[in-house]
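A short write-up of the structure that comes next.
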Amino acid sequence: MGAIQGSTFLQTYDLGSNGPGLQEVRRAFEFLDESQWWRQEQMREWQLTKLAPLVAHAARRVPFYRALYGDRASVETWDDFRSLPIVTRAQFADTEPREREASFALPEHKVLHTTYTSGTSGRRLQISITQRLQLWRYACILREWDWLALDPRGDCAILRAPIAPGSDSWNESLGAEVYPTWQGPALGALVRFGKGFNFDIGRPIERIAEALDEIKPAFLHGTPTYLQVLADHLRHCRPLALLTLSEQLFPQVRQELEQRYGARVFDTYAAVEVNRAAADCPSGQGYHLHEENVFVELLDESDREAPPGVPARVVVTSLHNYATPVIRYELGDLAEYAEGACPCGRGLRRISTFHGRQISRFLLENGRVCIATPIVIALQDTPDVRAAQIRQKSYDDFEILVMGRTDFTAEETGDLQRRFDTLLQRPARLTYQFVERIPPLPNGKTPRVVIDFTP
């Protein structure tokens with residue numbers, strides 16, 4: 001029961017700064033520290049007070065929702081909310097960004113910047129990030145660090161793609177961007193986070209491993225698949241924790257990573273459309289939803305709430321984004337509710353498994369995988385290519401679907417051939433199809449790499 005009495009995280013690591021918005025972040029974190037222990041009845045009551053004005057605002061100020069809801073915009077009960085139609089990625093993508101944006105911004109919902117989804121649904125979606133949304137994101141990150149219970153002042157290597165060299169923060173000898181605080185200047189002004197090293201995973205993994213062996217960061221932040229492959233190349237880097245994201249973390253992969261690195265794995269689930277959605281329970285009993293930031297529904301094919309242990313569609317509502325409202329939006333992922341109350345005592349609902357997307361990778365004959373990101377980036381950077389998908393037909397055969405072009409030059413195909421041969425360390429057989437449309441998978445996503453054979 002000691003944790004219920006209040007976290008000591010900010011007492012330990014707060015820098016005491018009174019910069020713009022920091023007091024609001026502190027108050028939001030203190031609220032999360034208390035609300036995580038609420039009973040579900042209390043949480044649902046609070047969520048409904050957020051959903052009612054959000055839906056009313058969207059129906060009045062956002063053309064997409066005004067056309068979708070008509071006169072069904074009043075939400076006074078949960079039945080009212082569940083009667084609202086579910087929005088698919090395709091519906092969102094088929095409308096112009098201005099149709100999904102509010103006609104004016106309320107002062108507390110000032111737009112800070114816009115961001116974009118990855119495009120695995122076939123088209124990238126523009127989402128406005130507001131001051132209020134950012135505040136809750138920061139508060140959720142602080143709660144995750146409180147759950148992780150490790151000193152945040154350690155340096156962190158962030159393994160991502162792509163990065164363009166040449167910025168003021170670029171360190172040529174390391175092949176990385178270097179920042180004074182890895183959580184960014186705003187949150188770094190509040191809490192003592194260590195330095196950040198942003199590595200481009202499109203670069204040779206051997207070079208990245210050499211740099212990591214040199215700087216020895218306390219934390220590695222990347223996808224499970226990339227961290228699996230990276231472990232084969234590291235010699236001296238021994239992080240305290242692996243911070244994983246962006247793809248499904250299978251139990252056997254979690255176990256392998258913890259054994260190979262001798263470090264704890266802390267996994268999070270997020271989406272550009274709603275930001276922080278869930279994170280590992282401190283007691284290791286699945287994922288707790290950030291229910292104060294996003295309302296999550298797991299629905300069966302009849303749009304009814306699924307029982308625990310049954311894979312169901314992830315439908316989300318961002319509780320704080322009034323600029324680009326995201327209401328009953330189907331992400332395209334599947335997840336399963338966990339059984340029963342959590343032993344840790346928190347009242348936040350739990351997810352046992354997220355069936356999310358995987359990082360782009362190819363299968364090798366020895367049972368291992370190799371990261372396909374360098375080739376994916378090369379295809380994306382080819383002039384006039386709108387979208388591309390690589391279908392691995394066997395260990396050596398690859399079919400490449402391309403939108404936006406009718407053919408490639410000999411120089412372009414030669415460059416891709418060299419990239420494949422170098423990555424696989426053997427000759428690859430490549431065929432090309434230039435198409436008007438790349439068909440999505442049943443979940444609505446269009447992955448950049450598809451494994452189209454049984455090993």
When the range 258-285 is checked residue by residue, the ones that are in a loop (DSSP other than H, G, I, E, B) and at pLDDT below 95 are VAL272, GLU273, VAL274, PRO282, SER283, GLY284, GLN285
Quickly run through the range 245-257 and pick out the residues that are over 30 Å from GLN91 (Cα atoms) and either part of a loop (DSSP other than H, G, I, E, B) or in contact (Cβ under 8 Å) with a residue 12 or more places away in the chain (or both). PHE250, VAL253, ARG254, GLU256, LEU257
Taking into account only those residues within the range 86-114 that are basic (Lys, Arg) and free of Cβ contacts under 8 Å to residues at least 60 places away in the same chain, which is surrounded by the fewest Cβ atoms within 10 Å (Cβ to Cβ)? ARG98
Taking the range 93-150 only, how many residues are at pLDDT 85 or above, within 21 Å of ALA28 (Cα to Cα) and assigned to a helix (DSSP H, G or I)? 18
Single residue of the range 389-434 satisfying the filter (small (Gly, Ala, Ser) and part of a helix (DSSP H, G or I)) that is nearest to the chain's Cα centre (by Cα): GLY414
Is there a residue being crowded, with 20+ Cβ neighbours inside 10 Å and in contact (Cβ under 8 Å) with a residue 12 or more places away in the chain anywhere in the range 410-421? yes
If the Cβ limit is 6 Å and pairs must be 6+ apart or interchain, which residue in the range 16-44 that is free of Cβ contacts under 8 Å to residues at least 24 places away in the same chain and of a type outside the set (S, T, N, Q) pairs with which residue that is part of a helix (DSSP H, G or I) and surrounded by 16 or more Cβ atoms within 10 Å (Cβ to Cβ)? none
VAL315 versus (1) at pLDDT 85 or above; (2) closer than 30 Å to GLU101 by Cβ; (3) surrounded by fewer than 17 Cβ atoms within 10 Å (Cβ to Cβ): which is the lone unmet condition? (3)
So which pairs qualify, if the first residue must be in the range 62-81 and closer than 15 Å to ASP94 by Cα, the second must be aliphatic (A, V, I, L, M) and outside any loop (DSSP other than H, G, I, E, B), the Cβ gap must be under 6 Å, and the two must be at least 6 apart or on different chains? TYR65/ALA58; TYR65/ALA59
Given the options ARG419, ARG437, name the one that is in contact with a helix residue (DSSP H, G or I) (Cβ under 7 Å, 6 or more places away or on another chain) and basic (Lys, Arg). ARG419
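Okay, residues lined up against (1) assigned by TED's automatic domain parsing to the domain that holds ILE327; (2) farther than 17 Å from TRP145 by Cα:
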| site | (1), (2) |
| --- | --- |
| HIS236 | no, yes |
| LEU249 | no, yes |
| LEU257 | no, yes |
| GLY284 | yes, no |
| HIS288 | yes, no |
| GLU297 | yes, yes |
Across the range 182-209, what is the number of residues that are under 30 Å from LEU423 (Cα atoms), of a type in the set (D, E, K, R) and crowded, with 17+ Cβ neighbours inside 10 Å? 2
Exclusive hit being within 26 Å of the chain's Cα centre (by Cα), in the same structural domain as CYS342 (by TED's automatic domain parsing) and modelled with pLDDT of 95 or more, set LEU22, LEU51: LEU51
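Conditions tested, residue by residue: (1) in a helix (DSSP H, G or I); (2) basic (Lys, Arg).
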| residue | (1), (2) |
| --- | --- |
| GLN23 | yes, no |
| ARG26 | yes, yes |
| GLU30 | yes, no |
| GLN42 | yes, no |
| LYS50 | yes, yes |
| ALA56 | yes, no |
| ASP71 | no, no |
| ASP79 | yes, no |
Consider only pairs whose beta carbons are under 9 Å apart and that are at least six residues apart or on different chains; among these, list those whose first residue lies in the range 334-349 and is touching a residue at least 24 places away in the same chain (Cβ under 8 Å) and whose second residue is hydroxyl-bearing (Ser, Thr, Tyr) and crowded, with 18+ Cβ neighbours inside 10 Å. LEU334/THR353; ALA335/TYR269; ALA335/TYR287; ALA335/THR353; GLU336/THR353; ALA338/TYR287; ALA338/THR353; ARG349/TYR337
Checking VAL369 against (1) under 28 Å from GLU256 (Cα atoms); (2) touching a residue at least 40 places away in the same chain (Cβ under 8 Å); (3) more than 23 Å from the chain's Cα centre (by Cα); (4) surrounded by 14 or more Cβ atoms within 10 Å (Cβ to Cβ), which test does it fail? (3)
Output for the range 62-85, where each listed residue is in contact with an Asp or Glu (Cβ under 9 Å, 6 or more places away or on another chain) and surrounded by 12 or more Cβ atoms within 10 Å (Cβ to Cβ): VAL62, PRO63, PHE64, ARG72, SER74, ARG82
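The values are calculated or read from the model by the stated rules, or taken from the named source; none is laboratory data. Not measured: the values here are computed from a predicted model. All Cβ positions, even for glycine, are placed from backbone atoms using ideal geometry, and neighbour counts span all protein chains on display.
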